[in-house]
Amino acid sequence: MRPILHFHPEIQKCPVCDSTPHIQKTDTKTVITMDIGAFFAKQTITYCPNNHGTFRSEQLRSLVPQAGTFGFDVIIEVGFALFVHCRGNQEVMAELATKNVFMSEREISYLGRKFITYLGTPTEPANSEKISFKQTDRL
């Protein structure tokens, strides 16, 4: 049986109005990471009663994309295997199985596309300026 790990918002007071957040709901989903393996992530989501802002666990968000099942570490592992080490989907699937991460060829292809998307998406405007500067500097 998969373990259940509980995640709560790190915010104890609303940053806008300083009120105590109320519990909106709990959400359980399956998450698969390289370090932990497969587990159920039970997340408590809170909201501010005054300005209706919602708060989620940043710890869970640092492990896995918001609507995703596979952790960022699995996405990176698949991306490196496919694009740096030039392995095929079945090779990647077999390699991950030895690390207790089981997925289909279709999921590997999907995570490979997600890896490329994350690589091409700057996280901050400052990073995009640095990237474009480096590209024009090499020309």
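The values are calculated or read from the model by the stated rules, or taken from the named source; none is laboratory data. Predicted model only: the values in this text are computed from it and were never measured. All Cβ positions, even for glycine, are placed from backbone atoms using ideal geometry, and neighbour counts span all protein chains on display. In case anyone asks, the SASA skips ligands and DNA or RNA and just uses the protein heavy atoms, side chains included. Shrake-Rupley method; radii C 1.70, N 1.55, O 1.52, S 1.80 Å.
Taken over segment 55-64, the criterion of being under 9 Å from PHE7 (Cβ atoms) and either part of a loop (DSSP other than H, G, I, E, B) or of a type in the set (Gly, Ala, Ser) (or both) is satisfied by ARG56, SER57. When each of GLY71, GLY88, GLY120 is tested for being modelled with pLDDT under 90, on the phi < 0 side of the Ramachandran plot and out of contact with any Asp or Glu (no Cβ under 6 Å at 6 or more places or on another chain), the lone residue that passes is GLY120.
Of the residues in segment 28-48, how many are within 16 Å of the chain's Cα centre (by Cα), of a type outside the set (S, T, N, Q) and closer than 15 Å to GLN66 by Cα?
6
Please enumerate the residues belonging to segment 12-42 that are in contact with an Asp or Glu (Cβ under 8 Å, 6 or more places away or on another chain) and acidic (Asp, Glu). The one that is in contact with an Asp or Glu (Cβ under 8 Å, 6 or more places away or on another chain) and acidic (Asp, Glu): ASP35.
Quick grid of which residues meet (1) at positive phi; (2) modelled with pLDDT of 95 or more; (3) open to solvent by 60 Å² or more (accessible area, probe 1.4 Å):
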{"residue": "PRO3", "(1), (2), (3)": "no, no, yes"}
{"residue": "HIS8", "(1), (2), (3)": "no, yes, yes"}
{"residue": "ILE11", "(1), (2), (3)": "no, no, yes"}
{"residue": "VAL16", "(1), (2), (3)": "no, no, yes"}
{"residue": "SER19", "(1), (2), (3)": "no, no, no"}
{"residue": "THR33", "(1), (2), (3)": "no, no, no"}
{"residue": "ILE36", "(1), (2), (3)": "no, no, yes"}
{"residue": "ALA41", "(1), (2), (3)": "no, yes, no"}
{"residue": "THR44", "(1), (2), (3)": "no, yes, no"}
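Sort through ALA41, ALA67 and tell me the only one that's assigned to a loop (DSSP other than H, G, I, E, B) and closer than 25 Å to MET1 by Cα.
Matching residue, one of ALA41, ALA67: ALA67.
For segment 77-95, a residue qualifies if it is surrounded by 15 or more Cβ atoms within 10 Å (Cβ to Cβ) and part of a helix (DSSP H, G or I), and the qualifying residues are GLU77, VAL78, GLY79, ALA81, LEU82, ASN89, VAL92, MET93, GLU95.
The residues of segment 96-118 that are of a type in the set (A, V, I, L, M, F, W, C) and open to solvent by less than 40 Å² (accessible area, probe 1.4 Å), listed by number, are LEU96, ALA97, VAL101, MET103, ILE108, LEU111, PHE115.
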